Amino acid sequence: MNNISLQGQRVFALDIGTRSVVGLLGGNSDNKLLIQQTAVAFHKDRVMMDGQIHDIDGVVEIVSRVKGQLEEAAGAPLKEVAIAAAGRALKTHRISVEREIEGITPIDKYMVNSLELEALQLAQMHLEEQSIDNASYFCVGHTIVNYYLNDSLILNPIGHRGNKLKVDLIATFLPHLVVDSLNTVMARIGLEVSYMTLEPIAAIEVAVPKNVRLLNVVLVDIGAGTSDIAITKDGSVVAYAMTSTAGDEITEALARAYLLDFDTAEHIKCNLSSEEQQKVVDIMGITQVISSEEILNAISSSIALVAKEIADNILLHNDRAPSAVFLIGGGSQIPRLPEALAEFLNMPKERVVVRGVEIIQNLKQENLLLKGPEGITPIGILAKAIENNSKDFVKLTINGKEIKLFQSKQLKVIDALVSIGFNPRELIPKRGRAVAVTINNSMKSFHGDYGTPAEIFVNYKKASLESPINGGDIIDIHPAVAGSDADIAIKDIIRADQYVSYNNQQMPLVWDVVVNGLKVSGEYILKEGDRLSYREITNLAELCEYLELDKDKHQWQINGRTAGLESTLKHMDEINCQRLEIREATAEAAAAGYLEEDSAKLQISYNGKPLIIDNKNKTLLFVDIFNYIDFDVSTLKGRLVLMLNGRPANYTDILQEGDDIVIRWE
C-alpha cells in the first residue's frame, strides 16, 4: 500500500484540538519526513475547551475512531503515540521580587540565580493559590524583564555593589491536569505515550528551521478561540503567551454584519482568502453576492482587534518587536491580518508571514489531508517524535527524590530546583550574626564571618545552577553553611594588653575599662547592646594627666631621646621622667616661718601643697607619710593611688628633700 518505504520505526502522532483530532502515521525515508497516512475526525460536542479535555469519554471516542482508521490503513495495531499539550493551556505570571543585600560584597551569579529561583517559586505559588481546583503546575520557561539595583534599572547586576537587588520576570507554567488527562485518554484506548511535547514547540520544529531559531522569532498559532504565542531566542523557546481573541472573533463579526448563523459565517471567513466573491445567505433566507473586499472592510475593526491583542502580548513578553513573526493555524489565513499585525508591531510587513506545510523542509507525503497552516502543528508533533530519542517530559533525581520536568529547552539545575520548591536562600551563605555595641558613646557594629556557598553536583561532579541537565541525571544540592557569629573581645578592638615602661615600671596604655558600669579585663567578649567605655594614653601630655604631674616641671625622654608632651606613645616604649626643680615652691612655707636651718625637718610636697615633716634625724620611708597626714585607709573607697615624683611608689621608698607625693583614692 505504501509507495515509499520507511527506515526505522513508524511513528503515530496525534494532535487533539478543540474542534478536531488529527492523526498521522509516518517516519524517516532517505533522511526525509514521510507522512504515509492521515486521519481527521471532528468532535460532536464540546468535549474540549481551549485545548483542555473536559469530557474524557467524548475525547476517547473520537481518538479511538482516528486510531482505528490509521490501524486499518496500516494493517497493524498501534500501541504507542506521540502527543502534545495545547499551548493555550499555558499560564503566564509576571512577578517582581526584591531582596536586601550587603553592600560591601559584589553581587555574584549565585545571588542573581537565587533571586530568580525565589521569583519563579513565588509565581508558581501565586498561580496555585489562584486556582479554583487546587491545580499544580510545571514551570516550562521564564524570561527576565528587568533587573534593578537600589531601585535603578541595570542590565546586568553581577559584579556591582548595592543594598537592594530586584528582578522582574515572566514565568510560564503548564497545569499537571492537562498532562494527566492526556495520559488518561491514551491509556483508555490502549496507547502508551512514547513522546509528549507542547503544541507551540512542535509547530516551531517544522515552521522555524533550527538555523533561524537563534534569532528572536515569534510563532503565532491563530486558532478558533485563542491565539497561542511562542518566542524563540538563542535557539530556545524563552516565553509563551496567549490571547483570547482569534478566528471566532472574526466569525462573530461576520455573523453580526450580515445576519448569518455561526456555521455560515465560518464558511465565508475560510473562503475570504481564496475567492473574490462570496455568496451570502442570511438567516432570513435572503441571498446576496458580496465581494470579499467589501466584507473585509465591514469586519476590519475585528481584524485590527485580533492583530492588536497579539501584538500587545508579543511586546509584553518580548519587550520589543522581534526579528520575524510566523503565523500558523486556520485563523492565520484571514486576509489583512498579517499586515495589521506588522503595523501594530512597527515592523516591515514582509517580516510577518503565514507558514503552511509547503515550507516544511524534506517533507514527503502520500496521503496528507491538511495542506495549509492548520497542518503545521500535527506534522511538528510527528517530526519532533521522530527526531528526539528522549521525551520532552524527562525524569531525574534531585536530593534522592525522583521528579519529572518538561524539557521545552535545555534544562538547567535551576529548573530542577524550581520543581522541588528548594529554598533559594539556602544557596547564599548567611553572614554570621553581627554585634552592635556602644564604645565611648559611639555606636559600632562588628560583622560575623562569611559562610560557605552551596555546593551543587550533577552525576557526582561539581556543577552550578547554570549547568545543563538531562533525563536520568542525579543532582545533589548541599545547602550553604552560615558563617560564625561575631566574637569580639575587648582586646581585639582596644590596646588593652599594651603598655609602656615609666621610670622602669610597667604602665598600661588603656585604663579605666568599664562595660555596663563594671570593670572588665581585655578578655571580656562583647555582647549585643553592651556599653564599653575606656580611657587611653596616647601621648606624654595624657600621661601627665594620668599621673597628675605638673606638665611644666618635668623633663621627658622616650627610648633615650628627649621628647615633647605631644609625642605619641607606642607599645613597650621606655619613658624616663625627671623633675626640673628638686625643691617644691616654698615661698608659702617661708612666709609662715617654717624654713629654718634645721636638718631635723624634711620639706616635701603632698598632693600639690607644701608639707614640713620633723624626722628627728631619722630616715623616713614612704609608708611613714601616713603618720603626718589625715588620710583614712581603714575603709576601702576605690583603688589606692600612691605616687612618688610622678611614678608609682613603693612603701619602702626613702623620702628625700623636695619629693613630690600624691596619695588618693581612684
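The values are calculated or read from the model by the stated rules, or taken from the named source; none is laboratory data. The structure presented is a predicted model; accordingly, all values stated were derived computationally and were not measured. Don't worry about glycine lacking a Cβ; one is built from the backbone with ideal geometry, like all the others, and counts go over all protein chains shown.
A quick yes/no check of all residues on (1) modelled with pLDDT under 80; (2) within 35 Å of the chain's Cα centre (by Cα); (3) surrounded by fewer than 17 Cβ atoms within 10 Å (Cβ to Cβ); (4) within 23 Å of residue 475 (Cα to Cα):
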| site | (1), (2), (3), (4) |
| --- | --- |
| 386 | no, no, no, no |
| 402 | no, yes, yes, yes |
| 406 | yes, yes, no, yes |
| 436 | no, yes, yes, no |
If you take the residues of region 271-295 that are surrounded by 16 or more Cβ atoms within 10 Å (Cβ to Cβ) and hydrophobic (A, V, I, L, M, F, W, C), which of them is nearest to the chain's Cα centre (by Cα)?
272
Of all residues in region 469-483, which are modelled with pLDDT of 85 or more and more than 30 Å from residue 394 (Cα to Cα)?
481
Identify the residue in region 159-216 that is in a strand (DSSP E or B) and acidic (Asp, Glu) and, among all such residues, is surrounded by the fewest Cβ atoms within 10 Å (Cβ to Cβ).
192
State the number of residues belonging to region 280-336 that are under 22 Å from residue 260 (Cβ atoms), in a loop (DSSP other than H, G, I, E, B) and touching a strand residue (DSSP E or B) at 6+ places or on another chain (Cβ under 7 Å).
0
Considering only residues that are more than 14 Å from residue 207 (Cβ to Cβ) and not in a helix (DSSP H, G or I), which ones fall in region 341-361?
345, 346, 347, 348
Scanning region 483-527 residue by residue, the ones that are assigned to a loop (DSSP other than H, G, I, E, B), surrounded by 15 or more Cβ atoms within 10 Å (Cβ to Cβ) and free of Cβ contacts under 8 Å to residues at least 40 places away in the same chain total 4
I'd like to verify a number: residues in region 530-554 that are at pLDDT 85 or above and part of a loop (DSSP other than H, G, I, E, B), how many?
3
Please enumerate the residues belonging to region 439-455 that are in a loop (DSSP other than H, G, I, E, B) and either out of contact with any strand residue (DSSP E or B) (no Cβ under 9 Å at 6 or more places or on another chain) or surrounded by 15 or more Cβ atoms within 10 Å (Cβ to Cβ) (or both).
447, 448, 449, 450, 451, 453, 454
Expected single match for among the small types (Gly, Ala, Ser), in the same structural domain as residue 509 (by TED's automatic domain parsing) and either modelled with pLDDT of 80 or more or closer than 23 Å to residue 507 by Cα (or both) among 646, 560 is 560
Only one of these is in contact (Cβ under 8 Å) with a residue 40 or more places away in the chain, over 17 Å from residue 404 (Cβ atoms) and touching a Pro at 6+ places or on another chain (Cβ under 9 Å): 161, 188. Name it.
161
